[in-house]
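The values are calculated or read from the model by the stated rules, or taken from the named source; none is laboratory data. All figures in this text were calculated on a predicted structure; none of them were measured in a lab. Here the Cβ is made from the backbone with ideal geometry for all residues, glycine too, and neighbour counts use every protein chain on show.
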DNA sequence: TCTTGATTTATTGTATACAATAGAGATACT
DNA sequence: AGTATCTCTATTGTATACAATAAATCAAGA
């Protein structure tokens, strides 16, 4: 599966590409939940796995840290990020803002070809839902938003959105509530958005998108204590365990 | 002069701080136009200047590159960025979007103390204009916007704005037109914005901010050929020089 | 004289060696 | 037994050595 704009800049020198391949693998591993929040990312280990020295691993970790997907603690090393509930709310607010702007641009400037691309993505989403391939669906769902950013053709906003989408994936992992029911709704919401774009109804498309992101936020469990304190819920609110 | 949030994360290990000091110096040098767009940033030279190895310089250059203040060309090295006219328009559009959102938050959540901070900054701006200290004014003017981001207390948006403001400084250097007259107006525009915030008139404050950023864009010379082709203007549109 | 090509040189890219730090574990003491 | 301190070890942070690349210089030919 190939998604939009995984690699950004990179004039294609054979060496640079190698770096980006490792980056892509780590990035994908985190978003597909094969690396879960809090996991230690040892430089030596990663170096051995990918057959490169710590030098190049460190560079990649710093990039991931800048994108807030990884957290680097001085003298302690790198860990898969564990976004707080507050950070989650910030990210979703930022997404509402950025995606509304992208939507206005996309509605104005989209071509028929763009609509087809969106529809192809939508079909793929539907298939993964039917097949119950959850992590594939998460990726495709994020990709829908990134496609819109590409259509809007504002590189700056697109870069921000890419960052926000990947952070949202991490947030989903940490704060997914049991009522995942309305995640399948999201597919319909995407369909409605495509329709509004086709009609070139800017305000409607923006409203739908804002509502869509609100739904995402609602589907999260941001109110209780954070994931770190979940032990209280897990073991019930009662007193001692050994007593 | 100390500006808002130059250093972001940095748990204060003595070593980490050292890195950030070098980063701050380079960042400031670029924004104060002591390093102009296109300047080569040699790793060896910078290492000698700051008394560290290339390792740490490379890390800093990569961070600056991620912030789009520096451009890294594979096997060629790092250069102070030379934003294109298209990039300039993108950045200013992104600013309009991000700052409108920040403004809504700031209007809602500001304290009296915040208003005083903004007014102190405004006074400092006025002084630098009187004294004709142009580069100081540019810095303070940018700082006004960063203060608003702090008041809004959405770290994600604040980080984006910080990046956008520094890129705007570079854009100003490359595309400043001769009609710098309305730059002094900006000070008044800031004053109006503070007033709207005090009145807690959200829509008015947002409208003023959007207009303010449009003014900034208007004051730039984005329509003609880019800075690279400026030689044509400089030597006139005529034919040969030697003939 | 201008262009084309090979050679040299300067600079970046990567690996590795060494230094500094933090955490784990052991030991001594209360 | 529990706590505090010390030592040791594993890992990160930094410097440096070496490899690879690109551009600058120089030479040769048209």
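List of remarks:
- With respect to (1) within 24 Å of residue B:209 (Cα to Cα); (2) under 14 Å from the mean Cα position of the chain (by Cα), the lone exception for residue B:70 is condition (1).
Residues are listed down the side, and each one gets a yes or a no for (1) within 20 Å of residue A:206 (Cα to Cα); (2) more than 17 Å from the chain's Cα centre (by Cα); (3) within 14 Å of chain B (Cβ to nearest Cβ):
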residue: A:64; (1), (2), (3): no, no, yes
residue: A:83; (1), (2), (3): no, no, yes
residue: A:88; (1), (2), (3): no, no, yes
residue: A:111; (1), (2), (3): yes, yes, no
residue: A:147; (1), (2), (3): yes, no, no
residue: A:154; (1), (2), (3): yes, yes, yes
residue: A:165; (1), (2), (3): yes, no, yes
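- The set of residues in the range A:64-81 being more than 11 Å from DNA strand D (Cβ to nearest atom) and either out of contact with any strand residue (DSSP E or B) (no Cβ under 7 Å at 6 or more places or on another chain) or under 18 Å from residue B:54 (Cβ atoms) (or both) consists of A:66, A:67, A:68, A:69.
- Restricting A:61, A:92, A:115 to those that are at pLDDT 95 or above and near DNA strand D (Cβ under 10 Å from one of its atoms) reduces the list to A:61.
- Any hit, the range B:193-204, residues being away from every other protein chain (no Cβ under 14 Å) and closer than 29 Å to residue A:155 by Cβ: yes
- Residue within the range B:176-199 that is over 18 Å from residue B:141 (Cβ atoms), assigned by TED's automatic domain parsing to the domain that holds residue B:108 and either at pLDDT below 90 or touching a strand residue (DSSP E or B) at 6+ places or on another chain (Cβ under 7 Å) (or both) present: yes
- Matching entry among A:233, A:215, A:210 (being in a helix (DSSP H, G or I) and at pLDDT 95 or above): A:210
- Among the numbered conditions (1) more than 14 Å from chain B (Cβ to nearest Cβ); (2) closer than 24 Å to residue B:160 by Cβ; (3) buried (at least 19 other Cβ atoms within 10 Å of the Cβ), the only one that residue A:118 does not meet is (2).
- Screening the range A:67-84 for residues that are touching a helix residue (DSSP H, G or I) at 6+ places or on another chain (Cβ under 7 Å) and under 22 Å from residue B:153 (Cβ atoms) and picking the one that is nearest to DNA strand C (Cβ to nearest atom) gives A:71.
- Count of the range A:27-63 residues which are without any contact (Cβ under 8 Å) to a residue 60 or more places away in the chain and in contact with a strand residue (DSSP E or B) (Cβ under 8 Å, 6 or more places away or on another chain): 9
- In the range A:30-53, of all residues being part of a helix (DSSP H, G or I) and surrounded by 14 or more Cβ atoms within 10 Å (Cβ to Cβ), the one that is nearest to DNA strand D (Cβ to nearest atom) corresponds to A:43.
- Scan of the range B:72-81 for residues that are facing chain A (nearest Cβ under 9 Å) and either surrounded by 18 or more Cβ atoms within 10 Å (Cβ to Cβ) or in a strand (DSSP E or B) (or both), ordered by number: B:72, B:73
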